[in-house]
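The values are calculated or read from the model by the stated rules, or taken from the named source; none is laboratory data. Here the structure is a predicted model, which is why all the values come from computation and not from measurement. Positions of Cβ are generated from backbone atoms using ideal geometry, with glycine treated the same way; all protein chains shown enter the neighbour counts.
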């Protein structure tokens, strides 16, 4: 079933992703509606498997084995994903070669890259391929493998083998969760194999992950934060993650809260540089 979420329901999901639990009375006060209205929203989201009912409120679905449907993930945290995407696009120069894997955030990055020129892109994401193949100066290659109907992702041993034939400037990957010890996690082991091939064959690995990924714990091990070079996220990572990021020498880049005056087209700009493993606003 694919019923579009209303604005309040999207906001509820985003608050659960950020906090792990939301109270009905707090939501009612925030949205200026009755508790009964909030309960109806929560019941609808629970019926779809997007939330779990808890006493006095709701929390994330208790599953480490099944991801939220792709169509529903597309409408979660749209502003954060777009800001991350613009930051990545600002980071990558024209004339680069890229891997781009599956995910709604990587799809947003592909959209932000459409203003670039002379790019060479290898992807197992048909949504990304459709976005980028319309650019006349782009060369887009699609991997072989099995197409998943729910998200148009291509997975399988053939996919990883195809990627392993290349060495590119940047590998852009998304993940479903980041564990407290810095382990990068996902739900589908076939998808994980592809991401691991991207990490192994990119000169610089860029991880795109909004803050909700720090509260999710899928069961399939993909890699570790030490395997990436730059983390693009929308807010500073949890304090407990700082030591791991520092030890791994990961550069963290954050979209600026506000653009500089006169910034063209509202794009986020680099406003300061600070040491690796701390947050750079872009």
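Things worth noting here:
- Any hit, the stretch 171-187, residues being buried (at least 21 other Cβ atoms within 10 Å of the Cβ), at pLDDT 95 or above, farther than 26 Å from residue 237 by Cα and in contact with a helix residue (DSSP H, G or I) (Cβ under 6 Å, 6 or more places away or on another chain): no
- Residue in the stretch 31-42 that is at pLDDT below 90, loosely packed, with under 13 Cβ neighbours inside 10 Å and not in a loop (DSSP other than H, G, I, E, B) present: no
- Qualifying residue in the stretch 135-142 (condition: at pLDDT below 95, surrounded by 15 or more Cβ atoms within 10 Å (Cβ to Cβ), part of a strand (DSSP E or B) and touching a strand residue (DSSP E or B) at 6+ places or on another chain (Cβ under 7 Å)): no
- Flag for residue 160 being under 14 Å from residue 225 (Cβ atoms) and in a helix (DSSP H, G or I): no
- Per-region count, the stretch 196-218, residues more than 19 Å from residue 81 (Cα to Cα) and either under 11 Å from the mean Cα position of the chain (by Cα) or modelled with pLDDT of 95 or more (or both): 9
- Filter result for residue 147 (outside any helix (DSSP H, G or I), farther than 24 Å from residue 80 by Cα, touching a helix residue (DSSP H, G or I) at 6+ places or on another chain (Cβ under 6 Å) and in contact (Cβ under 8 Å) with a residue 12 or more places away in the chain): no
- Residues within the stretch 16-25 that are surrounded by 15 or more Cβ atoms within 10 Å (Cβ to Cβ), at pLDDT 85 or above and assigned to a helix (DSSP H, G or I), tallied: 1
- Any hit, the stretch 150-158, residues being touching a residue at least 60 places away in the same chain (Cβ under 8 Å) and touching a helix residue (DSSP H, G or I) at 6+ places or on another chain (Cβ under 8 Å): yes
- Qualifying residue in the stretch 220-235 (condition: surrounded by fewer than 22 Cβ atoms within 10 Å (Cβ to Cβ), more than 17 Å from the chain's Cα centre (by Cα) and assigned to a loop (DSSP other than H, G, I, E, B)): no
- Yes/no for residue 102 being closer than 26 Å to residue 188 by Cβ, buried (at least 23 other Cβ atoms within 10 Å of the Cβ), at pLDDT below 95 and in contact with a strand residue (DSSP E or B) (Cβ under 7 Å, 6 or more places away or on another chain): yes
- Against the list (1) in a strand (DSSP E or B); (2) in contact (Cβ under 8 Å) with a residue 60 or more places away in the chain, the condition residue 185 fails is (2).
- Lone unmet requirement of (1) crowded, with 18+ Cβ neighbours inside 10 Å; (2) modelled with pLDDT under 80 for residue 64: (1)
- For the stretch 19-39, the set of residues classified as touching a helix residue (DSSP H, G or I) at 6+ places or on another chain (Cβ under 9 Å) and over 15 Å from residue 55 (Cα atoms) consists of 19, 28, 30, 31, 33, 34, 37, listed by residue number.
- Residue 113 closer than 22 Å to residue 161 by Cα, in contact with a helix residue (DSSP H, G or I) (Cβ under 9 Å, 6 or more places away or on another chain) and modelled with pLDDT of 95 or more: no
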